[in-house]
Structures are given as structure tokens and as C-alpha cells.
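Here is the structure we will look at, set down as C-alpha cells.
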Amino acid sequence: MKLNKQTNRLIGRAMHDYAMLTDHDRVMVAVSGGVDSLVLLNILKHWQLKAPIKYDLLAVHLDMGFGENEPALISKQLDRLGVDYLLEKTDIGPKALAIEDGRSGCFHCARQRRNRLFELAKERNCTKIAMGHHKEDIIETFFLNMMYAGNLSTMVPRQDLFGGRLGLIRPMAYLEKKAIKEAGRAWGIEPVANPCPMSTKSKRQQVRDLLESIYREDATIKSTIFSSLANLKPDYLLKNKI
């Protein structure tokens, strides 16, 4: 199945704008089991056939310790695609929720998951980690950081780490969630439900609900907010405290 022209164009634009892949990259794809990461894996597999460069793929799923059937359901999707993959069981999730009675569990869970992915990337000689974040994720992260961390920042389409030895890439950064869902349906992807007990109660979900209510009033606001993240005017921001 081919991606529609608009979706393919936006992926290509993000790839080009941020020089996401280079020849002989070994790309670890972080697969949660949701439609976003599974569509990303399909996209990168699809692009292997037409890209002017060569790169290898390794799908990695970290079982966070919440659902017993999750690994089997995800491996079914990965077997169908025919990619190399690694499934690793952890107890990151329950331990994170135990910290401060779960009040900051999402932060600790995300940080530990990210650190383990970095370790696996080093062990498996991966040069890039690809993540399935999209336009709405980037906007939500900006609002989360502004409202709860007190800074103006967000996740970026490409981030170089460890002196450039590893790069985080987000090839779907310019895509909206609806385009990803459409691609998932066309490819027959069967996303695995998130077993985390906090998945519908997190601060991210609260911010998502708030933004969705705004988007319903004016559908153009989403793109305007996204564009504003690359249109900074420092002279019109407050100065740092001395």
C-alpha cells in the first residue's frame, strides 16, 4: 500500500528539513504498540525500498510491566511486517507509579523508558532512534512545558545526543493524528491498547482535551500554533530574573 501524496510529501519534507537519515544508519524504532509507532515502522520499511540511501531497522518494544498480553499482540504486528525486533520486559511502569504515590509517575516512567532506549541503542550500535510523535504531540508538549515546567520548549523533529553519536528523529512531526490513523487503517494495522492505568488521567491527556476543545471552535488554530513554534520573537518575551 502506498501513502497518499499529501502524507508522503509531509514525511519527505520533515526528513529533508531536519536531515533525519544518512547512508548506513542503523535505526531503532521505538514501538509502543499504538498506531503512531506502528505506522512509523511501516513508513520507514516502505521508504527503505525507494530511498537513495541504505539503512537498517530494528524495532524495539519495552514492556512497561502493566499488561500480560501486550508483547504477544505486538510481536504479531512485527512478524507480519517482517522486521528485526526486540521485546524486553521491564518493571519501569509499576516502579514509576510507586514514586510519590503516582503523582509524578508519568515523568519518571518516560525518563526511565528513554534511558533504557539509549542503553539499547548503544548496545545494538544504533545511530538513530525513531519515535512516532506527530504534530499534536509537539503542540501538547509545548503547552505541558509552559503550564507545568515553567519554560517555553517542546520536542523537536531531530535532536542530536551524546556528542552527535545518537540522533532522535521524528519523521511524522508534520503529520496530524488523523492522517496517521488513515494510514494505519489502510495498512490493516491493529494497534494495541495502552495498558497503563494512568493513560486517560495524565496531565498530557488533560492538555490534549483542552486543545481539542479549542480546535473544534476553529480548525485552523492547530496549524497556527505549530507554525508559531518556529516563529520566536525574543524581544517580546520577559527577561530572565537576575
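From helices alone, the chain scores -14000 deg cm²/dmol at 222 nm; the rule is -39500 (n - 2.57) for each run of n ≥ 4 DSSP H residues, then divide by the residue total. With K and R counted +1 and D and E -1, the other residues having a Cβ less than 12 Å from that of GLY164 yield a net charge of +2. On the beta carbon distance between ILE99 and PHE162, with R0 = 25 Å, the FRET formula returns roughly 0.45.
Taking 0.36 nm per residue of sequence separation and removing the Cα-Cα distance, the LYS239/ASP91 pair yields an extension gain of 49.0 nm. Of GLY93, GLY164, GLY65, which is the most mobile in a GNM of the chain whose springs link Cα atoms less than 10 angstrom apart? Of GLY93, GLY164, GLY65, the most mobile in the Gaussian network model is GLY164. ASP56 to THR200: FRET efficiency via 1/(1 + (r/R0)^6), r the Cβ-Cβ distance, R0 35 Å, to the nearest 0.05? FRET efficiency, ASP56 to THR200: 0.45.
Each part reduced to its alpha carbon centroid, the range 46-66 and the range 171-206 end up 18 Å apart. Comparing ASN151, ASN231, ASN125 in a Gaussian network model of the chain (Cα springs below 10 Å), the most mobile by mean-square fluctuation is ASN231. Looking at the chain alone, DSSP beta bridges between its own residues are antiparallel in about 20 percent of cases. Rank MET146, MET155, MET28 by mean-square fluctuation in a GNM of the chain with C-alpha springs under 10 angstrom and give only the top-ranked residue. Result: MET146 has the largest fluctuation of those listed. Applying a DSSP loop filter and a limit of 15 other Cβ atoms within 10 Å to the trypsin sites (Lys or Arg not before Pro) in the range 70-141 leaves ARG103, ARG124. Each peptide in 47-53, 184-190 was scored by the mean count of other Cβ atoms within 10 Å over its residues; highest first, the order is 184-190, 47-53. The ranking of TYR236, TYR148, TYR55 from fewest to most other beta carbons within 10 Å of each one's beta carbon is TYR236, TYR148, TYR55.
Since every read-out is calculated from the coordinates, none of them should be taken as a lab result. The structure presented is a predicted model; accordingly, all values stated were derived computationally and were not measured. Positions of Cβ are backbone-derived with ideal geometry, glycine not excepted, and every protein chain shown enters the neighbour counts.
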